[in-house]
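One structure below.
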């Protein structure tokens with residue numbers, strides 16, 4: 001029986017201001033997939049810092065999908081206190 005570990009990635013709540021990225025690992029046994037860990041969720045906001053984090057943590061094609069909704073400029077400004 002063939003077995004393989006895969007990671008499924010989903011984008012939740014993608015808006016022009018934010019996105020939540022969920023990752024979960026599965027093992028395939030034959031034609032059936034079984035989750036082997038709880039989903040790991042990371043939120044990113046469309047700010048300068050959020051974009052830097054997104055670029056360093058998210059791979060294609062998910063990165064392009066997010067940036068196509070976000071556009072070329074941040075929509076959230078972080079104010080320094």
Practice problem: Give me the distance between the Cα centres of the range 1-28 and the range 49-81, rounded to whole Å. | Solution: 18 Å
Exercise. Could you calculate the contour length gain from residue 67 to residue 53, that is, 0.36 nm times the residue separation minus the distance between their Cα atoms, to one decimal place in nm?
Key: 3.8 nm
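Only the coordinates and a few stated rules stand behind these numbers; no lab work does. This structure is a prediction, so every number in the text was calculated from the model and none was measured.
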